[in-house]
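Just below is one structure, and these are the notes that go with it.
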Amino acid sequence: MNNPFVTDRVYKEEDFSAVRLPKGDYDNCTFRDCTFSDGFLDNCQFLECRFEDCNLSNANIAHSTFKEVKFMDCKMVGLLFETCDQLLLTFSFSGCTLDFSSFRGMSIPGTIFKDCKLRSVDYSYADLSGSGFDNSYLDNAIFDASNLQQADFSLSHNIILDPERNQLKNARFSSENVKGLLVKYKVQVIDSLMQ
């Protein structure tokens, strides 16, 4: 059975949690206000697609391809991105909730996370060089042996990471969130302007 090739289609308010999206190639498609939670998005190829206001929480994305895909205002809790096909992988996230998701061991340089909730996300062993985290919340996010060179955390919130366990050359931090780099040393940082 051949998998379908779908192009330029808009899916609106469809529930794919009970009846799966057919395995296939989706080119320049838009998924708007669709539900995929606890469903299957595995073995699909998405090229230049947009997911807007969708719920993808706990969906199976194994062996799926995401090339130039934009996720906007989506709920994406608990996704295991490392299970997807990583060849030519490029995506961006804006206004998304990715709590408890995992990018462990992935090479995703230059990825944009804007206005996102990234609580307890696992970035261990990931290459995030040149990535941006504008106005994103990183409470309890895990950075261990991660390549964060030239990453921009200057507008992020609540980041804590060990500078000895991660590559940070030319990474950007605000004076407020640089405190998260010192947590392991148990030092007190006093704002001299507040005295």
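None of the figures in this text is laboratory data; all of them are computed from the coordinates on show. Computed from a predicted structure; not experimentally measured. All Cβ positions, even for glycine, are placed from backbone atoms using ideal geometry, and neighbour counts span all protein chains on display.
Condition check ((1) out of contact with any Cys (no Cβ under 6 Å at 6 or more places or on another chain); (2) assigned to a loop (DSSP other than H, G, I, E, B); (3) crowded, with 16+ Cβ neighbours inside 10 Å; (4) in contact (Cβ under 8 Å) with a residue 24 or more places away in the chain) across all residues:
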| residue | (1), (2), (3), (4) |
| --- | --- |
| 160 | yes, yes, yes, no |
| 163 | yes, yes, yes, no |
| 170 | yes, yes, no, no |
| 175 | yes, yes, no, no |
| 184 | yes, no, no, no |
| 187 | yes, yes, no, no |
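Scanning the range 1-36 for residues that are assigned to a strand (DSSP E or B) and among the β-branched types (Val, Ile, Thr) returns 6, 7, 10, 30, 35.
Taking the condition touching a residue at least 24 places away in the same chain (Cβ under 8 Å) and either in contact with a Ser or Thr (Cβ under 9 Å, 6 or more places away or on another chain) or surrounded by 16 or more Cβ atoms within 10 Å (Cβ to Cβ) (or both), does residue 44 pass? The answer is no for residue 44. Kindly indicate whether residue 15 is charged (D, E, K, R), more than 30 Å from residue 135 (Cβ to Cβ), out of contact with any Phe, Trp or Tyr (no Cβ under 8 Å at 6 or more places or on another chain) and surrounded by fewer than 18 Cβ atoms within 10 Å (Cβ to Cβ). Here the answer is yes, as residue 15 does meet what is asked.
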